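Novice: Right, I'll just put the structure down here and ask away after.
The values are calculated or read from the model by the stated rules, or taken from the named source; none is laboratory data. All values reported here derive from a predicted model rather than from experimental measurement. Glycine gets a Cβ as well: all are built from the backbone with ideal geometry, and neighbour counts include every protein chain shown. These accessible areas exclude ligands, DNA and RNA; they are computed on the full protein's heavy atoms, side chains included. Shrake-Rupley method; radii C 1.70, N 1.55, O 1.52, S 1.80 Å.
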Protein chains: 2
Amino acid sequence: MDRANELLRGIGEKCTEQRKLILKALLELARPVSADELYMYLSGKGRIGRTTVYRTLELFEQKKLVKRIIFKDGIIRYESTHLGHHHHLICLSCGKVFSIKKCAISSLDGFIIEDTDFLVTEHFLEFYGFCEKCRGDRV
Amino acid sequence: MDRANELLRGIGEKCTEQRKLILKALLELARPVSADELYMYLSGKGRIGRTTVYRTLELFEQKKLVKRIIFKDGIIRYESTHLGHHHHLICLSCGKVFSIKKCAISSLDGFIIEDTDFLVTEHFLEFYGFCEKCRGDRV
DNA sequence: ATTTTGAATGAAACTAAATTTCATTTAGAT
DNA sequence: ATCTAAATGAAATTTAGTTTCATTCAAAAT
């Protein structure tokens, strides 16, 4: 993977086998994944330890390659920033995570400082409910 | 506290000393608190164990007396539902949590099902940034 | 191409939040 | 006042995440 090499050089960090694996997986998966989930996913694909996964995700977050997200279950997940700003729909039944690109909230960030003197630097919006498949008769 | 007695009877649950203490504390504190934080807070005020705090908050959540919230730090917090639907401003510097009552998002819940067939039952919106005191020169 | 060196890695130990177990206590019905 | 199922709490356990430290490796220097 040369793309990974490029990206890592770009942020002034060493290009190791493990970092390439993690970067590739995050782009492949294209959804929020926990360190442990990623570790399981990668265990077959190469030599990699749990610690490295945790540490690398932390590094990637600092370097803005990934975004840290926490849903109601309290587990820390990471998602590639290449997917752009978006919000999530999390199915309470099957757990599947959907993305919505349109964000009507960004304009709020600006209003808030006028109203409250609180300077918003980022916001998180998650919707919980039931996806098409799990909806059943629910209205 | 008779109010607590009433509330607990209302949900068909036993009115124990511990449950009353927790209920009272949640109303007093009027902000999202973790089980451990609550445990510390209550330790002086009466005989109560960690386990009971955890279990009672879980019960209260099921009975809709409290709402479970998770911020970026991954710690599970609970907040009295008597405070009504609102969103949070969390200061990245001092950690203080502010509430905003106005919610422009609720109308979105309805749009989403039309767009995506996903039935939204609840949403969470948190803003991170810097409060008036911690803002300094930041724009 | 080989050497060098500081950074990266991973196994294992550790920490902290949350959960489970089980003997004891208690609320509230009888 | 007695009885019983539910609630409690101390301690053990689980789980996600972090720290430690000896070993390995990327890439800079030679």
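Novice: Testing B:Glu132 on (1) open to solvent by 50 Å² or more (accessible area, probe 1.4 Å); (2) within 20 Å of the chain's Cα centre (by Cα); (3) within 13 Å of chain A (Cβ to nearest Cβ), one condition comes back false. Which one is that?
Specialist: (2)
Novice: Could we say that B:Lys14 is open to solvent by 60 Å² or more (accessible area, probe 1.4 Å) and either within 10 Å of DNA strand C (Cβ to nearest atom) or β-branched (Val, Ile, Thr) (or both) here?
Specialist: The answer is yes for B:Lys14.
Novice: Within the bounds of the stretch B:57-72, is there any residue that is part of a loop (DSSP other than H, G, I, E, B), under 26 Å from B:Leu42 (Cα atoms), in contact with a strand residue (DSSP E or B) (Cβ under 7 Å, 6 or more places away or on another chain) and among the aromatic types (Phe, Trp, Tyr)?
Specialist: Yes, some residue in the stretch B:57-72 is part of a loop (DSSP other than H, G, I, E, B), under 26 Å from B:Leu42 (Cα atoms), in contact with a strand residue (DSSP E or B) (Cβ under 7 Å, 6 or more places away or on another chain) and among the aromatic types (Phe, Trp, Tyr).
Novice: Now a separate question. Taking the condition of being in a helix (DSSP H, G or I) and open to solvent by 60 Å² or more (accessible area, probe 1.4 Å), how many residues in the stretch A:107-129 meet it?
Specialist: So the answer is 4.
Novice: Which residue out of A:Ile76, A:Ile90, A:Ile69, A:Ile22 is more than 16 Å from A:Leu8 (Cβ to Cβ), within 16 Å of DNA strand C (Cβ to nearest atom) and either touching a residue at least 12 places away in the same chain (Cβ under 8 Å) or open to solvent by less than 40 Å² (accessible area, probe 1.4 Å) (or both)?
Specialist: Going through A:Ile76, A:Ile90, A:Ile69, A:Ile22 in turn, just one is more than 16 Å from A:Leu8 (Cβ to Cβ), within 16 Å of DNA strand C (Cβ to nearest atom) and either touching a residue at least 12 places away in the same chain (Cβ under 8 Å) or open to solvent by less than 40 Å² (accessible area, probe 1.4 Å) (or both): A:Ile76.
Novice: Test of understanding: among A:Gly49, A:Gly95, which residue is more than 23 Å from A:Gly12 (Cβ to Cβ), away from DNA strand C (no atom under 11 Å from the Cβ) and either among the β-branched types (Val, Ile, Thr) or open to solvent by less than 70 Å² (accessible area, probe 1.4 Å) (or both)? Break it down into steps so the answer makes sense when it comes.
Specialist: Working: A:Gly49 fails: away from DNA strand C (no atom under 11 Å from the Cβ).
Going through A:Gly49, A:Gly95 in turn, the sole match is A:Gly95.
Novice: When you go through B:Glu58, B:Glu114, B:Glu126, B:Glu79 one by one, which is the residue that is among the acidic types (Asp, Glu) and at the interface with another protein chain (Cβ under 9 Å from one of its Cβ atoms)?
Specialist: Being among the acidic types (Asp, Glu) and at the interface with another protein chain (Cβ under 9 Å from one of its Cβ atoms) holds for just one of B:Glu58, B:Glu114, B:Glu126, B:Glu79, which is B:Glu126.
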